[in-house]
Amino acid sequence: MPHTAPSGAPRPPTTLTQYLIEERRRFPQASGALNALILDVALACKAIAREVALGRLGVSGAGAATAGPAAAAAINVQGEEQKPLDIFANEVFLRRNEASGGVSGMASEELETPWPVPRPAAGPRGKYLLVFDPLDGSSNLDVDMTVGSIFSILRAPQDLLDSDHEVTEADFLQPGAAQIAAGYALYGPATMLVLSVGNGVAGFTLDPNLGEFMLTHPDIRVPAQTREFAINASNSRFWEPPVKRYVDECLAGTSGPRGKDFNMRWIASMVAEAHRILMRGGIFLYPRDTRDPNRAGRLRLLYEAAPVGFLIEQAGGRASTGRQPVLGVRPSGLHQRIGLVFGSREEVERIERYHREPDRDIALNPLFAERGLFR
Ligand code: AFP
């Protein structure tokens with residue numbers, strides 16, 4: 001039912017700004033700096049959405065030769081190729097948010113080290129740290145498929161606020177549970193912003209005519225059960241036994257132990273997969289595997305796993321490494337990778353159980369006991 005004003009006329013949809021003002025009422029002491037920061041992030045996302053929608057007509061294509069730094073092919077700190085749009089999106093995030101006064105430092109997938117924001121000539125330092133992947137799933141750009149931006153907002157440590165020294169990597173190494181807010185923008189058929197300020201999850205759709213994000217999905221909840229899973233099956237030979245077991249059981253369908261058929265999806269853009277799961281449930285796995293002993297997984301903890309974990313848990317789902325809640329992991333580095341499983345609560349709990357069970361089976365098996373054949 002559309003909301004109606006006392007006059008009987010339909011009430012216009014709530015804007016992102018109005019939503020944030022309402023949320024701020026929960027904290028009478030709040031200065032408004034967080035809201036201002038989120039609005040700047042939203043503005044950056046609108047600029048990126050516009051550029052993404054231009055496709056080859058924008059910095060990625062014909063215009064690339066004249067697009068300055070965005071034209072240069074480069075490799076980022078992860079050893080991955082940076083597309084012109086990756087660099088453009090990173091610049092937009094940095095420029096838009098360093099001017100806001102709300103942050104004292106930023107960290108990005110595209111930058112090896114933190115981006116310092118100097119103390120302003122007058123007034124205090126920004127109270128927050130902003131961490132982001134400015135364009136997640138950018139390998140999808142060449143084929144005009146959905147991509148997104150994902151961000152996390154942390155409190156700047158007090159000793160940073162009290163000092164004049166530049167932000168350091170250590171300032172960012174906070175567990176996901178410490179996030180103040182997290183969200184993503186999805187550049188799909190419609191541009192959406194999905195946000196949590198720690199009081200549930202809300203989804204906003206960009207009205208391109210007004211240039212405003214409108215609240216279209218209040219109080220998003222992830223169903224506890226699902227029949228849909230997402231995993232890159234080309235890695236199956238590297239999976240650990242609990243993951244193999246889980247996927248095998250899904251594939252066995254009605255004739256297997258789960259007694260029901262499952263559907264599978266893989267978009268190769270975590271933001272897009274997270275959005276589908278927030279909308280209709282499901283489970284996503286990019287688990288720790290044996291492909292590269294130097295990498296605990298593919299996805300990055302600080303700017304992929306932590307913000308998506310915050311959103312999913314705020315929506316009643318669960319996010320885990322398979323072994324522990326992802327929001328409890330204290331990062332050891334800015335670009336640390338981690339195994340990630342998230343989505344419908346009952347499925348994630350099942351996978352966590354499967355990770356515990358092999359150890360238990362080994363412990364119970366006399367062959368593996370302290371004096372057994374294999375120890
Ligand atoms: P890109 O931003 O380099 O395309 O990486 C996207 C991503 O980090 C994540 O969004 C996907 O879920 C995952 O990588 C896809 O990885 P695979 O290519 O190994 O399936």
statement: Simple spin-label estimate for residue 31/residue 356, 7 Å along Cα→Cβ, in nm, reads 4.4
Percentage relative contact order, the chain, counting C-alpha pairs under 8 Å, at least six apart: 14
Dipole-positive endmost among 307, 254, 339 within region 228-356 (Cβ charges, Cα centre): 339
query: Quick one: Karplus J couplings for region 307-316, per residue in order, coefficients 6.51, -1.76, 1.60, θ = phi - 60°, nearest Hz, x for Gly and Pro?
result: x, 5, x, 4, 5, 5, 5, 5, 8, x
field: Point-charge dipole on Cβ atoms (K/R +1, D/E -1) for the chain, about Cα centre, debye to 20
entry: 900
- prompt: Pairing the Cα long axis of helix 84-98 with the longest principal axis of the chain, what angle in degrees results, from 0 to 90 and rounded to the nearest 10?
  reply: 60
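Please report the net charge: other residues with Cβ closer than 11 Å to the Cβ of residue 148, K and R +1, D and E -1. Show your work: numbers first, answer last.
On the way: positive: none; negative: 133, 136, 273, 304.
My count for the surroundings of residue 148 gives -4.
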field: Sequence of 194, 77 once ranked by neighbouring C-beta atoms within 10 Å, starting from the fewest
entry: 77, 194
- prompt: In the Gaussian network model of the chain, springs joining C-alpha atoms below 10 Å, which of 168, 254, 226 carries the largest mean-square fluctuation?
  reply: 254
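Evaluate E = 1/(1 + (r/R0)^6) for residue 57 and residue 292, where r is the Cβ-Cβ distance and R0 equals 30 Å; express this FRET efficiency to the nearest 0.05.
Working: r = 38 Å, r/R0 = 1.25.
According to the calculation, E is roughly 0.20.
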query: At what distance in angstrom do the alpha carbon centres of region 88-108 and region 230-262 lie from each other?
result: 41
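Considering only the other residues whose Cβ falls under 10 Å of the Cβ of residue 274, what net charge follows from Lys and Arg at +1 and Asp and Glu at -1?
So the surrounding residues net to -2.
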- prompt: Between 42, 319, 53, which gets the highest mean-square fluctuation from a Gaussian network model of the chain, Cα cutoff 10 Å?
  reply: 53
field: For region 16-219, fraction of C-alpha pairs farther apart than 20 Å, in %
entry: 57
query: Between residue 235 and residue 43, what FRET efficiency follows from the Cβ-Cβ distance if R0 is 51 Å, with the result rounded to 0.05?
result: 0.85
field: Protection proxy ranking, peptides 273-280, 206-213, average beta carbon neighbours within 10 Å, highest first
entry: 273-280, 206-213
Candidates 114, 218, 189, ranked by Gaussian network fluctuation over the chain, Cα under 10 Å, top entry: 189
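In square nanometres, what is one fourth of the surface area of the convex hull spanned by the alpha carbons of the chain?
Computed as one quarter of the Cα hull surface, the answer is 23.4 nm².
What does the helix-only formula give at 222 nm for the chain: each DSSP H stretch with n ≥ 4 adding -39500 (n - 2.57), the total divided by the residues, and the result rounded to the nearest 500 deg cm²/dmol? Could you put the intermediate results ahead of the total?
Values: 9 runs with 106 residues, N = 375.
So the helix-based figure for the chain works out to -8500 deg cm²/dmol.
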task: Calculate the tail of P(r) for region 117-165: the fraction of all Cα-Cα distances greater than 14 Å, expressed in %.
output: 62
task: Convert each backbone phi in region 144-157 into a coupling constant with the Karplus relation 6.51 cos²θ - 1.76 cosθ + 1.60 (shift: θ = phi - 60°), then list the ³J(HN,Hα) values in order as whole Hz, x for Gly and Pro.
output: 6, 10, 4, 10, x, 10, 10, 9, 9, 10, 10, 6, 6, x
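How much length, in nm to one decimal, is gained on full extension between residue 142 and residue 268, taken as 0.36 nm per residue of separation minus their Cα-Cα distance?
Numbers: separation 126, 0.36 × 126 = 45.36 nm, distance 1.29 nm.
Taking residue 142 through residue 268 to full extension adds about 44.1 nm, to one decimal.
Laboratory data are not the source of any read-out in this text; all were calculated from the coordinates shown. Owing to the predicted nature of the structure, the values given are computational and were not obtained by experimental measurement. Neighbour counts run over all protein chains shown; Cβ positions are idealised from the backbone, glycine included.
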